[in-house]
Amino acid sequence: KIDFIGDDDFTKIETFKRTPKADWEIKLNGKEKIRVETQSGFTGTNDIKQHKVLEARRVFREKQIHSLALHFDLYNGQVAFLKLDEIRENDMNWITRQQMEGQTVFNIDQNHFVWKITEPPIKYKEIDFN
């Protein structure tokens, strides 16, 4: 079961919001839930905003629900999967990018890109998050 839980309206670009809340909540095996943040990069620069990581940590702390970022790099056709709630402050090199509305972000390491858009989708359990 997939529920839309986000604040973004994907049907109208003018109403699209940049909030920390994930886009989807998926119920796995009838009980376990996971939240999914869907985003893309267009120029080969692939960043995750800090407020997304902080929100994912809060949701896991309060509800024990993991948050996964599904990041499409439209420049090279690859997809990265990251468990947002497991990212720690000391693990990332946070920077402020003016082109990202002056927000604090980190660049996604190439090792997180594990699927090409031109290939059949991989299964969640096949993703190595280490």
Looking only at the stretch 1-21, which residues are at pLDDT below 80 and not in a loop (DSSP other than H, G, I, E, B)?
I13, E14, T15
Quick one: would you say G41 is surrounded by 15 or more Cβ atoms within 10 Å (Cβ to Cβ) and either out of contact with any strand residue (DSSP E or B) (no Cβ under 8 Å at 6 or more places or on another chain) or at pLDDT below 85 (or both)?
yes
In the list A69, A56, which residue meets the criterion of being more than 12 Å from I108 (Cβ to Cβ), buried (at least 16 other Cβ atoms within 10 Å of the Cβ) and touching a residue at least 12 places away in the same chain (Cβ under 8 Å)?
A56
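When the stretch 22-42 is examined, which residues are found to be charged (D, E, K, R) and outside any strand (DSSP E or B)?
D23, K31, listed by residue number.
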Subset of the stretch 83-115 that is charged (D, E, K, R) and within 16 Å of the chain's Cα centre (by Cα) - its residue that is most open to solvent (accessible area, probe 1.4 Å):
R88
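The values are calculated or read from the model by the stated rules, or taken from the named source; none is laboratory data. The structure displayed is predicted, hence computed values, not measured ones. Neighbour counts run over all protein chains shown; Cβ positions are idealised from the backbone, glycine included. Accessible surface areas use protein heavy atoms only, side chains included; no ligands, DNA or RNA. Shrake-Rupley method; radii C 1.70, N 1.55, O 1.52, S 1.80 Å.
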